[in-house]
Amino acid sequence: MKIMVIVAHPQLNESRANQALALELKKQGDILIRDLYQEYPDYNIDVQREQQLLLDYDRVVFQFPFYWYSCTPLLKKWFDDVLTYGWAFGPGGIHLKGKEFMVATTAGGTEKAYRSGGDNYYTISELLRPIERTLTRCNGTFLPAFVTYDANQATDEYLAREAKRYAEHVQTSLYALAH
């Protein structure tokens with residue numbers, strides 16, 4: 001299975017959590033890891049290139065910090081620009097059929113804060129629904145998300161454990177993730 005990870009963090013060099021996750025994946029050697037903010041600092045996304053990359057990979061992981069209950073601005077623009085009508089959805093929009101998509105996010109709050117009735121009122125799964133629906137509307141399969149909670153306060157040991165758990169999660173089969 002060919003896996004591509006699109007890291008979308010506006011200050012990746014300052015993020016201990018997102019750096020730890022990406023570095024662990026780099027050790028795997030067979031996963032393409034891309035830094036969206038480094039590739040498109042001017043926000044001018046090469047739509048044809050991005051669509052071709054989507055065609056070339058079986059599983060696409062979107063890694064980002066949980067940013068105002070959503071993804072980062074450049075990733076949102078990426079969704080808007082790349083997942084076009086007639087290509088990703090709508091009449092003729094069958095290019096992503098059979099592709100697997102996954103979200104990997106880091107949250108500053110604790111897992112307890114992301115529970116129904118918690119500080120954020122909703123679970124991460126509920127808050128990720130717009131992204132999930134975007135990808136399923138494009139005929140993709142949305143896999144269970146990977147979340148690292150309490151990322152701002154995390155110890156190096158905790159981040160190392162999370163990174164190993166992340167690498168395993170990203171490479172786990174669809175069947176195992178669903179059960």
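Details
- With contributions of -39500 (n - 2.57) from each DSSP H run of at least four residues, the per-residue ellipticity at 222 nm computed over the chain stands at -10500 deg cm²/dmol.
- With the whole protein complex present, Asp30 retains an accessible surface near 100 Å², based on a 1.4 Å probe.
- Applying the Kirkwood pairwise sum to the alpha-carbon positions of the chain produces a hydrodynamic radius of 16.6 angstrom.
- Each pair of Cα atoms in the stretch 97-177 enters the Kirkwood radius, and Stokes-Einstein at 20 °C and 1.002 mPa s then converts it into a translational diffusion coefficient of 155 µm²/s.
- Rg over Rh [alpha-carbon atoms, Kirkwood Rh] for the stretch 51-122: 1.08
- Only protein heavy atoms count here; on that basis, with a 1.4 Å probe, Thr155 has an accessible area of about 70 Å².
- Carbon plus sulfur fraction of accessible area for the chain, probe 1.4 Å, in percent: 49 percent
- Pairs from the list Lys27/Lys164; Lys2/Lys99; Lys2/Lys26; Lys26/Lys77 with a Cα-Cα gap above 22 Å: Lys26/Lys77.
- In the context of the full set of protein chains, the chain has a per residue accessible area of 52 Å² (1.4 Å probe).
- Longest exposed-site-free window of the chain, the sites being trypsin sites (Lys or Arg not before Pro) in a DSSP loop that have at most 12 other C-beta atoms within 10 Å: 98-179
- Neighbours of Ser173 by Cβ distance under 12 Å: Lys/Arg scored +1, Asp/Glu scored -1, total -2.
The values are calculated or read from the model by the stated rules, or taken from the named source; none is laboratory data. Since this is a predicted model, take the numbers as computed values, not measurements. Glycine gets a Cβ as well: all are built from the backbone with ideal geometry, and neighbour counts include every protein chain shown. Protein only, heavy atoms only, side chains kept; ligands, DNA and RNA dropped before computing areas. Shrake-Rupley method; radii C 1.70, N 1.55, O 1.52, S 1.80 Å.
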